[in-house]
Amino acid sequence: MQTFIYGMLGLPFVFALAAISGFLNNNMLHILNRIVATIVGGIFVEMLILMPPGEVFNSEYFYLDALSIWVLLIVVVLYVASAWVSKSYLVREHKRGYLSRTPKLIGRYYALYHLFVLTMMLVLLLKNLGLMWVGIEATTLISALLVSFKFTRSALEATWKYIMVCTVGICLALLGTMILYYAQLTATGTEKALSWLWLSQHGDLLNPSLTKLAFLFIFIGYGTKVGLAPMHTWLPDAYSEAPSLISGLLSGALCTCSLYVLIRNLIIVIPTIGTAFIMNLFFVFAFLTIAIAVPFVVVQRDIKRLLAYSSMENIGIMIVGLGIFSNISVGATLLHMFNHALIKFVLFYIAGTVIQEYQTKNMMRIHGMVQEAPHTATFLLMGMFAILGMPPFGLFFSKFNIIFSLFKEGQYLLGSLMIFLLAGILIGILYHVMRMLCGRAKRKADADLLDHTDTPFLAVLLIGSIVVGMGLERIPYLNSLLLEASQIVVGGVHL
């Protein structure tokens, strides 16, 4: 198993060095990019075969259980999908976008992209909370270079905001981790410092006051990285200015990794500080995040910023599910992570294609896509229905179970409020999408640019959301994996 882990981490690193060296031409970069991602995906499949749900792998630095494998599955799926569709996107950018002036940037892009995925996988494999923090900080540094990749004024401004806000947040998370370490010192001594497994087994021995203070800083710190309001100000700018493939990874993979680290800390502190404090804290920030997203969705003009505020809505929903802290809500949250990642990656890729076709991000200038670009319009409509939680897409089932859990816990007012806020998001997004799809075209599209290579991967991601949402019980491995991951969060730790 350790050999597989080193292979998963080593291959992207070696390819990144080769890509940045300048010795490979663009065609070789495109080919090797797909090969490396596919091999990593194959290694991960072998790991799944060797380690059935319920088993764990525990070494000095690495720890794998059902929870980490569930999130790692999300990252690897997006890694493979993005690697296979990246050639089409970059070739179009080379012909008509920012790469037309500097085609040699493709090597730099691939190097940063693979390092970005490497740091996210590393976060999910590490056992030590301090090293997890280092991994999250590394994702910030690498992704900041990708956000600024276009090197325009707006991209640099978004990068500056991203670095400043997230650095402050990560520093608060570090402070919280240090306080948690101090609580560990006073309770259990210096043995296995900040080991997640050790702390999760002895969390009930920690000082409640110190633990509560530590988790406050940890929640705000990693909540900043996730995109919770009011620490969300970096998110719309970064998602809008990054290359569309990277925007999809920021929303689908990086947000999920940050939430994973928050969940790992949550498992430790629950026995000490209880669920009431957690529920109140999570509900305040979650509903604030969703509420702030609603008006910005309604008045939005930038298609990628629209998707960014949609991400805030889904982040809020997942935090609500964790705050309820029941088997149903936590399972629904993990399912929501998976489906949101797949759907949002598809939507950001389609948004990038729309921008390439119409040479604008302004949705008010785009009409008549059904006639002008029917292929892209079909995927845009399906993706928007999926992200809004329309049946049969997977988000319908996870949203339903989280709202059901609210009512089941007696939170009738909050449940009604969530339905009201989600209705506002739905109306706003449908209004913009229907304006783009229907009516008479006022700005001609260059062409229907969606490549034949893109279509099967985008379709598989959307269909995968339907299958995982509707028929999870018929997929024994995934169903068992989700149940085991939920039990780790709610019911303790498997040794």
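The values are calculated or read from the model by the stated rules, or taken from the named source; none is laboratory data. The model shown is predicted, which means the values in this text are computed figures rather than measured ones. Because the Cβ atoms are built from the backbone with ideal geometry, glycine has one as well, and the counts that use them run over all protein chains shown.
Data table
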| read-out | value |
| --- | --- |
| Qualifying residue in the stretch 353-370 (condition: under 18 Å from the mean Cα position of the chain (by Cα) and either among the small types (Gly, Ala, Ser) or in a helix (DSSP H, G or I) (or both)) | no |
| Matching residues, the stretch 175-206, being over 23 Å from Asp65 (Cα atoms) and in contact with a Phe, Trp or Tyr (Cβ under 6 Å, 6 or more places away or on another chain) | Leu175, Gly176 |
| Test: residue in the stretch 305-320 that is in a loop (DSSP other than H, G, I, E, B), over 21 Å from Leu483 (Cα atoms) and of a type in the set (S, T, N, Q) | no |
| Enumeration of residues in the stretch 89-121 that are of a type in the set (S, T, N, Q) and either in contact with a strand residue (DSSP E or B) (Cβ under 8 Å, 6 or more places away or on another chain) or modelled with pLDDT of 90 or more (or both) | Thr119 |
| Residue within the stretch 259-267 that is in contact with a helix residue (DSSP H, G or I) (Cβ under 7 Å, 6 or more places away or on another chain) and closer than 17 Å to Lys344 by Cβ present | yes |
| Residue list for the stretch 193-204, filter: in a loop (DSSP other than H, G, I, E, B) and buried (at least 16 other Cβ atoms within 10 Å of the Cβ) | Leu194, His202 |
| Some residue of the stretch 234-242 being among the charged types (D, E, K, R), surrounded by fewer than 24 Cβ atoms within 10 Å (Cβ to Cβ) and closer than 30 Å to Leu112 by Cβ | yes |
| Residue match in the stretch 62-70 (condition: touching a residue at least 60 places away in the same chain (Cβ under 8 Å), of a type in the set (S, T, N, Q), out of contact with any strand residue (DSSP E or B) (no Cβ under 8 Å at 6 or more places or on another chain) and over 30 Å from Gly107 (Cα atoms)) | yes |
| Subset tally (residues that are modelled with pLDDT of 95 or more and touching a strand residue (DSSP E or B) at 6+ places or on another chain (Cβ under 7 Å)) for the stretch 197-239 | 0 |
| Single residue of the stretch 158-192 satisfying the filter (touching a helix residue (DSSP H, G or I) at 6+ places or on another chain (Cβ under 8 Å) and farther than 30 Å from Ala144 by Cα) that is surrounded by the most Cβ atoms within 10 Å (Cβ to Cβ) | Gln184 |
| Within the stretch 205-224, tally of residues that are in a helix (DSSP H, G or I), surrounded by 23 or more Cβ atoms within 10 Å (Cβ to Cβ) and not polar (S, T, N, Q) | 7 |
| From the options Leu342, Leu380, Leu347, residue that is closer than 24 Å to Asn479 by Cβ and in contact (Cβ under 8 Å) with a residue 24 or more places away in the chain | Leu342 |
| Positions within the stretch 286-307 being over 30 Å from Leu437 (Cα atoms) and surrounded by fewer than 22 Cβ atoms within 10 Å (Cβ to Cβ), in sequence order | Phe287, Leu288 |
